[in-house]
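Following: one structure in structure tokens, then a few remarks.
A short reminder: the numbers here are calculations on the coordinates, not readings from a lab. Given the structure is predicted, the values throughout are model-derived calculations rather than measurements. Neighbour counts are summed over all protein chains in view; Cβ atoms, including those assigned to glycine, are modelled from backbone coordinates with ideal geometry.
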Amino acid sequence: MNRTRRHTSLIVRSVIVGAALAVVAWQENGGHTKAVLAMPIALPKIPIMAPGGVLRHRTLVPPLEPVVPARHGQWVRLRLFSTFKVHSLIVTGNDGLRVGSQVFREGATATVSGGQVRLQIGKKEVSGPLILLTSADQKMMTLKPRHGTKIVTPGHLRLRVRQGNLEVVNVLDLEDYLLGIVEPELGSLNMPEEGIKAQMIAARSYILAVRDRHPGEDYDFCDSAHCQMYTGHIRFPPKFRNAAAACRGLYLRYKNAPAAAFFHHSCGGSTAAIEDVWPGPAVPYLRRVKDSDQEYLGGKGAIWHFSIERKSFMKFLVQEGWLRKHDALENLKVIRTDGSGRAQQILIEGNTQRWVKASTFRNAVNRYYHSEVLLSTLFHISSTGSQIRFEGRGWGHGVGLCQAGAMLMAREGKTYRQILQHYYPGTTIARLPRAPAAEAPPKTTVPGILRAFLSD
């Protein structure tokens, strides 16, 4: 017993000084490995090694080696399966999995047991408050929750219990994360390579500028539309990989800081100034830009309409508290627009009048009908007897790069630099330092605007 305590003490001192991640003493007994001591410590943004050492036959085995350096010293902490509860997760990797310093040739099943993560690997069991694992060759892992779609992703996993469920955080290189979000954004478009480059540079800039989407959490982004959709790594078309290689590490800079390069599907002929969409001051590179009237986005987003029965829509208005229960809807119209023609304020009139912010109105309508029926705030409203009809253009908030417009510019022979200068005037293109530089560029220079956007 005294020898075990002495070895455990050695592990604790080594981990606190060398890794500053978490203190875990591991003990193997009859084929079962479990954490017998745990002291969580604040995690840095860049993973260094797995928690703790491994006590095997009273011999201290070195912990997990440092991960492959990020290509530009930039890591992203991404929460996976963020839109539903994960109770069980199957993880497989190329040539097996690496947990701590041990390599297992089988896959693993992670569950929650007694408030800790329980990892079953063949006949062995690993448990603890925090478990880090990766593919044995540190390349791709396949993750399959009991309910949900599987994801193939590179990097490392951090598994912990949060509110009785598994919290799955994928720590991966920024360039790998970028590929996993740009393909879902543009995969349905026949976008030329110059347009893909422009989108990748804009997305990289956005990631660098807006890394506090989840303040107080142990991750930077989630994999849902709240941040950016991440579907993992699939077979990317050659033009995506070619574009990624050509613009690797490039981002937009404004006054020596990453530009908050917002983007959207389709602007409907004119982008919006950011101060017209979210409260805050004007930003020189996010101003209104006239775009092509011939936008096309796979048949969606150029022109759209939504019609609904008046009685159904009145129920929605009553639920939101914008119309009294027994009032008749006398008037519903846009009463104020911005310079691009987007609605800013909606009048709802029964026995009393209510004025509602257009973006709030749009979000509430989409939430109530469980679909994005109002694609933008660039619309007008008409009433025909028993129906209410919305007719609009564009898809998204309208700020920054318009993907449909960028596609047209690329087809016309414009370069990615010309496309970016069109949508983000006054910015310059910079390159991230190569590894081992680990510091991110300074934060964006528009914190007020970003706070308003992040809280929306």
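General observations
- Q319/K123 FRET efficiency (R0 56 Å; Cβ-Cβ; nearest 0.05): 0.55
- In plain terms, the chain from R248 to I303 could stretch by 16.3 nm, reckoned as 0.36 nm per residue minus the Cα-Cα distance.
- Total formal charge among the other residues, if their Cβ is under 15 angstrom from that of V334, Lys/Arg +1 and Asp/Glu -1: +4
- Spin-label model distance (nm) - T337 vs T415, 7 Å beyond Cα toward Cβ: 3.7
- Backbone N within the stretch 391-409 under 13 Å of label point (7 Å from S292 Cα along the Cβ vector): 402-409
- Checking the Cα-Cα distances for K123/K144; K144/K239; K239/K414; K333/K357; K144/K197; K150/K197 against a 23 Å cut-off, the pairs over it are K144/K239; K144/K197; K150/K197.
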